[in-house]
Amino acid sequence: MSSDLFDDDAVADVLELAKANRVAVASVGRAKLEARARSEAPQGIIAFALPVPEAEFEDLIAGRRGRPPFLVAIDGVTDPGNLGAILRNCDGAGVDGVLLPRHRAVHVTPTVAKASAGAVEYVPIALVGGLPGTLALLKDAGIWVVGLDDAAECSLFEIGDLATAGICLVLGAEGAGLSRLVRERCDLIVSIPMLGRISSLNVSAAAALATYEIARQRA
């Protein structure tokens, strides 16, 4: 904790929680703290924790609580703020797990953890070797693969019964969208209707709308 915050009433709850859980708190200079934070805007407190455990792909496709799985696959998203926001959306919408490529995609970093508001601790994340091959395995397991792309003619609001079955929503990269091989592996490509002059949404905003629409239909 930054030494200039140690007597600040605003962090009293943090100190109480640390004490209750027998977590040691050290007071250091702000410059030293910011050097360790690896975050764009540290707010004076750092907690050091074990790495987030990786989920097993097989466990995610099995679903949970006796219902068909609801998964999200991420195709080439490289902005940590976007990934964090997507994970936060997924937690809120009840997504069972996120599939993240090992290569050419951002992974969990301090910035991702901060942007997720803690969702990295609750949303299972499985790292997969290649997304096209992984999507093929999902289809073999009876899970519908639905890609989200602003150029699609079919609307997100028309997916019908697919939302209540085992489903994996695929989100494309910022700007580039879905890659060709990933697009070819999708059972259906859908878009979010845009009624104004802007043609598309930021990937995290699109993720929020799409995951909640699927959650609404599954409910």
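Values quoted throughout were computed directly from the atomic coordinates according to the rules given, and no laboratory measurement underlies them. On a predicted model such as this, the values are computed, not experimentally measured, just so you know. Counting neighbours? That spans all protein chains shown, and the Cβs are built from the backbone with ideal geometry, glycine included.
Distance between the pseudo-spin-label points of Asp161 and Ile198 (7 Å out from Cα toward the beta carbon): 3.7 nm. The lysines whose alpha-carbon is closer than 22 Å to the alpha-carbon of Lys32, local same-chain residues fewer than 8 away aside, are Lys114. Note that the stretch 108-116 has calculated 3J(HN,Hα) couplings of 6, 10, x, 5, 4, 4, 5, 5, 7 Hz, one per residue in order, obtained from phi through the Karplus relation 6.51 cos²θ - 1.76 cosθ + 1.60 (θ = phi - 60°); glycine and proline are x. Look at the alpha carbon pairs under 8 Å that are at least 6 residues apart: their mean separation over the length of the chain gives a relative contact order of 20 percent.
Residues whose amide H lies under 5 Å from that of Ala73, counting only those 5 or more places away or on a different chain, are Leu99, Leu169, Val170, Leu171; hydrogens are built 1.01 Å from N in the peptide plane. 3J(HN,Hα) couplings calculated from phi for the stretch 149-161 with the Karplus curve 6.51 cos²θ - 1.76 cosθ + 1.60 (θ = phi - 60°) are, in sequence order, 8, 5, 8, 6, 7, 7, 7, 3, 7, 10, 6, x, 5 Hz; Gly and Pro show x.
Here the Karplus curve 6.51 cos²θ - 1.76 cosθ + 1.60, taken at θ = phi - 60°, turns the phi angles of the stretch 15-31 into couplings of 5, 5, 5, 4, 5, 5, 9, 6, 9, 6, 10, 10, 9, 10, x, 4, 4 Hz, with x standing for Gly and Pro. When the chain is described by a simple charge dipole with +1 on each Lys and Arg Cβ and -1 on each Asp and Glu Cβ, the residue from Val106, Asn89, Ala151 located farthest towards its positive end is Val106. Comparing Cα centroids, the stretch 20-74 and the stretch 139-185 end up 28 angstrom apart. The alpha carbon radius of gyration of the stretch 1-155, expressed as a multiple of 2.2 N^0.38 Å, is 1.27.
Alpha-carbon geometry of the stretch 89-219: the Rg and the Dmax are 14.3, 40 Å, given in that order. A cut-off of 5 Å between modelled amide H atoms, ignoring neighbours fewer than 5 places along the same chain, links Leu188 with Val145, Gly147. In this Cβ point-charge picture (+1 for Lys and Arg, -1 for Asp and Glu), the stretch 57-218 has a dipole of about 240 debye about its Cα centre. Entry note, the chain: the mean residue ellipticity at 222 nm calculated from DSSP H runs of n ≥ 4, each adding -39500 (n - 2.57), is -9500 deg cm²/dmol after division by the residues and rounding to the nearest 500.
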